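Step one of this worksheet: look at the structure below.
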């Protein structure tokens, strides 16, 4: 049997760090690889041929050599997951839907896939494999019992293109003991953390060392959910690191009560954990109580962050706006806290009610869910909740203004300085060679500092901890993070909706004038759609022959349009000749930086003649009418 496992492309967000990966860091395409698919691959029969394709780093194959196509996905990937399932199903493959969203909402996939795998895969995926080989696969495999992680295999890391990722993922535990109202982790994995054995962890680390990987992210939603087990793991990692010459640099997610356990902090440092992501959510205690995040109310949050910093462990933070207790004062409170804490990787988002969570159920009862907002990414300019103590537009507008304020260059510099007042003797170890480090600094100057002029350079220089030279690499890293987040903001949120639409119309008028001759003879059709997207979408259809001059002009106009608006372009290619391939590729190369806002649909009969990288552009895989 041959199986293709696909991780759909994720919509770009603050989490993508697209600018950093594209412009500064060497040869990286994404932050983390799809660990879930590597685990599913390891659960397949040994004589099966398994391939993993991550659309975030490579294009999906349109005619794979496979009997089964499995497509995973989180909530933010649902639209693309749905499209891929429909595409492969229409071409006769047996398609399987899985992942966290299918686990939470299997009912959404009944008409999309031949088989839905809902829940943890360790037991139900091998059962599907046996049934498929026997010619009787079921439509739904739903794990309702408790999975022992001792039965989880070593993931097939060898099937992942690890050199394309910033770090590699590893999992020790599932589940979290807390009961936050908005969280879906406890819905999927329960409140009693389950763990792998230390020997399992050793086997995975041994394989990663063989594959020359050194930066590891423990993807546990709360590594210290079971503190005794976490301490055993950390002691093991300390010994393992000593035996292997401190080969690995670790990061993870944990709850804020990490700061209250000195022994735990010492073990984290001894095991070489460089950073930890903590769901801080809000500096307002009443908001934390409302959402049942009581673990963040037992000690001063700012002091807790500073305590963790004092052990040389950097804190990344998650923040939420839109709790029932939040008034418009929350924007000021969040700003002041983030600035004082010095957290540079501050992921601020709007409260989003995820399916099957207690929050979703409560707001549904109260009639406060917006059904027309389906995006699970809480860093977009919208949410599916109606706030209680401010208007919806006030919440969205205040969120946008907060992001703008945090990402100003003077505030990036201030946060760096505030953090380094408390960050003691951090673990600064990078895998880059001297040549790579010089390359990073060169690209940071060319693409990051120089374009900002003297103002940006001034703030960069004043943030450098010159009296503590060991911290200089971290300061550079913080600027790469800050500029990457600023770039995403400028390309997506820089203008209010009305101004964005007006600018898009002006640019469209110029574009139509430049393409007038092609439009007049029916080779081109240009339409603006303001119904689906706040910033408008321009649809351009190639319906007849166009010459080389068109592609040259189009590249120039597309680039200007995308660079000066937050709108999207949908390019539909219904007529094409193979001699135009070179000209089309030049056009695409010119607008690749804006690939997240370029949607490309190629007529069914032309797909084999046109090469488009779906990891860069949004390639629309529309199924022919009447397809299954």
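Here, each number is a calculation from the coordinates, and none is a lab measurement. Everything numeric in this text was worked out from a predicted model, so none of it was measured. In this analysis, Cβ positions are derived from the backbone assuming ideal geometry, glycine residues included, and neighbour counts consider all displayed protein chains.
Which order, highest average first, do 100-107, 160-167 follow once you tally other Cβ atoms within 10 Å for each residue and take the mean per peptide?
Working: 100-107: 20.1, 160-167: 17.8.
By packing density, highest mean first, the sequence is 100-107, 160-167.
Provide the convex hull volume over Cα atoms per residue for the range 2-142, in Å³. Spell out each step's value before the answer.
Numbers: hull volume 15.5 nm³, N = 141.
It is 110 Å³ per residue.
Packing-wise, with mean Cβ within 10 Å as the measure, how do 515-524, 277-286, 33-42 rank, highest first? Numbers along the way, then the final one.
Working: 515-524: 14.9, 277-286: 20.4, 33-42: 23.1.
Highest mean packing first, the order is 33-42, 277-286, 515-524.
Whole angstrom only: what separates the Cα centroid of the range 206-255 from the Cα centroid of the range 263-332?
Using only Cα atoms to place each centre, the spacing works out to 22 Å.
Given a cut-off of 22 Å, what percent of all Cα-Cα pairs of the range 90-221 lie beyond it?
49 percent
At 4 °C and a viscosity of 1.567 mPa s, what translational diffusion coefficient does Stokes-Einstein give for the range 497-620, taking Rh as the Kirkwood radius over Cα pairs? Give it in µm²/s as a whole number.
Calculated translational D: 89 µm²/s.
In 10 Å bins starting at zero, report the fraction of Cα pairs in the range 167-406 per bin as a rounded %.
7, 30, 33, 21, 8, 1
For residue 63 and residue 605 in the same chain, what is the full-extension length gain: residue separation times 0.36 nm, less their Cα-Cα distance, in nm? Could the numbers behind the result be given before it?
On the way: separation 542, 0.36 × 542 = 195.12 nm, distance 1.35 nm.
The residue 63-residue 605 span can extend by a further 193.8 nm.
Calculate log10 I(q)/I(0) of the range 268-366 for q = 0.19 Å⁻¹, where I(q) comes from the Debye formula with a single equal point scatterer on each Cα and nothing for solvent.
So the normalised log intensities are -0.96.
Take each of the peptides 568-579, 250-261, average the number of other beta-carbon atoms within 10 Å over its residues, and list them starting from the highest.
250-261, 568-579
Once the mean 1/r over all distinct Cα pairs of the range 196-337 is inverted, what Kirkwood radius in angstroms do you read off?
Details: mean 1/r = 0.0613 Å⁻¹.
Computed over Cα pairs of the range 196-337, the Kirkwood hydrodynamic radius comes out at 16.3 Å.
Which three extents, in angstrom, do the Cα atoms of the chain have along their principal axes, listed largest first?
75, 68, 58
Report the relative contact order of the chain, percent, no decimals, based on alpha-carbon pairs under 8 angstrom and at least 6 residues apart.
Details: 1118 pairs, mean separation 73.4, N = 628.
Taking the mean separation of contacting Cα pairs over the length of the chain, I get 12 percent.
Can you tell me what share of the DSSP beta bridges in the chain is antiparallel? A percent to the nearest 5 is fine. The partial results should precede the final answer.
Numbers: 9 of 66 bridges.
Bridges in the chain are about 15 percent antiparallel.
What value, in deg cm²/dmol to 500, does the helix sum -39500 (n - 2.57) over DSSP H runs of n ≥ 4 give at 222 nm once divided by the residues of the chain? Walk me through the numbers before you get to the answer.
Values: 21 runs with 240 residues, N = 628.
-11500 deg cm²/dmol, from helical runs alone.
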